[in-house]
1. Only bridges with both residues in the chain count here: give the DSSP antiparallel percent, nearest 5.
2. Among Met392, Met79, what is the fewest-to-most ranking by other Cβ atoms within 10 Å?
3. Taking the Cα centre of the range 7-172 as origin, work out the dipole magnitude from +1 charges on Lys and Arg Cβ and -1 charges on Asp and Glu Cβ, in debye rounded to 20.
4. Quick check: Cα centre of the range 1-80 to Cα centre of the range 180-237, how many Å?
5. Got a sec? Charge dipole of the chain, +1 on Cβ for Lys and Arg, -1 for Asp and Glu; which of Phe173, Met296, Ala376 is way out at the positive end?
6. Rounded to the nearest 500 deg cm²/dmol, what is the calculated helix-only ellipticity per residue at 222 nm for the chain, with -39500 (n - 2.57) per DSSP H run of length n ≥ 4?
7. Test of understanding: ordering Thr412, Thr34 by Cβ neighbours within 10 Å, fewest first, what list do you get?
8. Given the chain, report the % of alpha carbon pairs whose separation exceeds 30 Å.
Amino acid sequence: MLTEKKEFWFVVGSQHLYGEEALNEVKKHAEEMTAELNNSGKLPYPVVLQELAVSADAITSIMKEINYQDKVAGVITWMHTFSPAKMWIRGTKLLQKPLLHLATQYNESIPWETIDMNFMNLNQAAHGDREYGFINARLNKQNKIVVGYWKRPEVQEQIAEWMDVAVAFNESFNIKVARFGDNMRNVGVTEGDKVEAQIQFGWTVDYFGIGDLVQYIDAVSDDDVEKLFAEYKELYDFDYGDYDPTVWENHVKVQAKQEIGLKRFLEAGGYNAFTTNFEDLYGMQQLPGLAVQRLMAQGIGFAGEGDWKTAALDRLMKVMAHNENTGFMEDYTYELAPGKESILQSHMLEVDPTLAVNKPKIVVAPLSMGDREDPARLVFDGKAGEGVVVSMADFGTHYKLLINEVSTFEPTEPAPKLPVARVLWEVKPNFQEGVRAWIQAGGGHHTVVSLNLTTDQIISWAKLVGLEYVVIR
């Protein structure tokens, strides 16, 4: 996912008013906190302590450097003492990366037997938090605030969740979507303003004719195909069904060739998301199915029918979730039996295997759309868990993000004639209210679901990019 080298700078606020002895104590506490946070095992990225923020010049210099350093994904601030907020104005206005205000203090409890004014002056985070919080609110900074004792696991977990959002925010400006063909004809929700998406979210969306991709696929050697096919044998069960084994394997090898060609094309252009369209397959033997699923499992964003918005959103959420239990999805069929109301999620081929609860099997089956050979695909059941399903809609005047909390569950009944993977979920707060609210708000049928991310994380990203959002829960 190319995010392992990111780091977060830790900036501790104070001032010269209390003397050098007090500042030395602040620095000592900050160093101890930094070491313990990094050794906690809770944070996905390291924290790097900076010089104490005791003047407007120092703060401005730090914030400028944060903007400049690509490895720095964001800044965590802590007001150890009272740090006059006007010192923070210039630097905070210049800051272009995510900001977390950690409202904590070095000591957990007040030492009533020994507390004096020296202790009060040194440990006045409650005072400093309000001064600092005021200026962030005055500047309309969409910063995250985490409150609690810094050693507690729940506080560290909140910091970790925000770190993932901050990294995704930065990586959003590196998302490049390759569109192989155009949007599916006559479908509304897959359309969108690509210029506005690049301005607001940082997403680059480029069109390519299918012939551009076919050249890469045709250049794949038979040896490379055989090597990848051998990998398939190790990872998946083979379900030959009623096909002659040789015919079946040849169909699977078409997907192997497409996977290699697609990956080489994307790597050559620096793309980390893409779309395909079954209405635009000139020169291709099959609609990519298994090939797409394999690439999604490697962290590449995808959506079908030319839906570049969802492909980019898929990549964004995969970065945020470390590519775990997160993928493109489509609403298909309702279960309306009383007490069992739920929605069957799937797609014609391309269901993300990061959501698989069982070992996937490769199946070759006819596909009525696309008028090509029977494509191979991975078939599996989805995991159980609590998660969020997210959809991006373009309303012409603005973008809107739809967020619905869901509970996924493993299927209890077999579906022997269903030749695609399936994910089942219940929507919150309940089926009737959840579905009605989603439709009324304009939520699309193409979504990204994650069992690793929370509503608060999605909201944090939406606020960072100035995006309207609707939460259904």
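1. Expressed as a percentage, antiparallel bridges in the chain total about 50.
2. Met392, Met79
3. Using Cβ point charges on Lys, Arg, Asp and Glu, the range 7-172 gives about 700 debye.
4. Between the Cα centre of the range 1-80 and that of the range 180-237, the gap is 41 Å.
5. Looking along the dipole axis, the top candidate is Phe173.
6. -12000 deg cm²/dmol
7. Taking fewest neighbouring Cβ atoms as first place, the list is Thr412, Thr34.
8. Pairs farther apart than 30 Å: 51 percent.
Throughout, read-outs are computed from the coordinates displayed, never taken from laboratory work. Just so it is clear, the structure is predicted and the values come from calculations on it, not from any experiment. Glycine gets a Cβ as well: all are built from the backbone with ideal geometry, and neighbour counts include every protein chain shown.
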